[in-house]
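A.B. asks: Here it is: the structure, laid out below.
The values are calculated or read from the model by the stated rules, or taken from the named source; none is laboratory data. What you see is a predicted model, and the numbers here were worked out from it, not measured in a lab. Note that each Cβ is placed from the backbone with ideal geometry, even for glycine, and that neighbours are counted across all protein chains shown.
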Amino acid sequence: MMLGKRSSRIQQLVLDMWNDDTEAFTEIYCLTVDDTYNYCRHILGEDDRSLEAVREIYSIVVKNILKLKDPSLFDAWLRRIAFDVCYDRVMAEGRTDLYSLLHPEEIESLSFFEREIFFLHDFVGLSDKDIANALHITKRHVEKSLTNSREHILELRKLIRA
């Protein structure tokens, strides 16, 4: 399905879900689950863990669909949910050695997109190329975002020390 057509269809399905159309959820799931699974697989690294995350993600979608105020933002909203679920799972495993060196304010001050790339690269250990593939962006954009994120964190540290 072409991107514009897919986007229009997803918007209509979100509206249908708002009206308790259970078939709309089935269709939106079918249209988005492969990308969601692949995204989780990049972060979590294992099929079983990724499948569990996908189940949790779509459960959150069903419970919270009315909180999505603009149907055109469904894809971004879904990716944000996927990131949050995967992030929570990785953090729960105790793989926090890198993040123990950072102040929560430093991470929270980054935009969602910068935080996502920073986390995938420096914490999960994905390569620039893998991140670009997972997020459907260019490798150059990943590199630029990483540079901006690190510069931003260093600036915050300078301000705190001053």
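A.B. asks: What are the pairs with Cβ atoms under 7 angstrom where one residue, in segment 54-72, is modelled with pLDDT under 95 and the other, located anywhere, is polar (S, T, N, Q) and not in a helix (DSSP H, G or I)? Sequence gap at least six, or different chains.
C.D. replies: Final answer for the pair search is none.
A.B. asks: Taking the stated definitions as given, is Leu66 loosely packed, with under 13 Cβ neighbours inside 10 Å and of a type in the set (A, V, I, L, M)?
C.D. replies: yes
A.B. asks: Does at least one position in segment 103-115 carry a residue that is surrounded by fewer than 13 Cβ atoms within 10 Å (Cβ to Cβ), at pLDDT below 80, within 26 Å of Glu56 (Cβ to Cβ) and outside the structural domain of Gly45 (by TED's automatic domain parsing)?
C.D. replies: Taking every residue of segment 103-115 in turn, at least one turns out to be surrounded by fewer than 13 Cβ atoms within 10 Å (Cβ to Cβ), at pLDDT below 80, within 26 Å of Glu56 (Cβ to Cβ) and outside the structural domain of Gly45 (by TED's automatic domain parsing).
Residue-wise test of (1) outside the structural domain of Tyr87 (by TED's automatic domain parsing); (2) over 25 Å from Phe123 (Cβ atoms); (3) among the charged types (D, E, K, R); (4) not in a helix (DSSP H, G or I).
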| site | (1), (2), (3), (4) |
| --- | --- |
| Met17 | no, yes, no, no |
| Asp20 | no, yes, yes, yes |
| Thr26 | no, yes, no, no |
| Tyr37 | no, no, no, no |
| Tyr58 | no, no, no, no |
| Val62 | no, yes, no, no |
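A.B. asks: Please enumerate the residues belonging to segment 116-130 that are in a helix (DSSP H, G or I) and surrounded by 18 or more Cβ atoms within 10 Å (Cβ to Cβ).
C.D. replies: Glu116, Ile117, Phe118, Phe119, Leu120, His121, Phe123, Asp128
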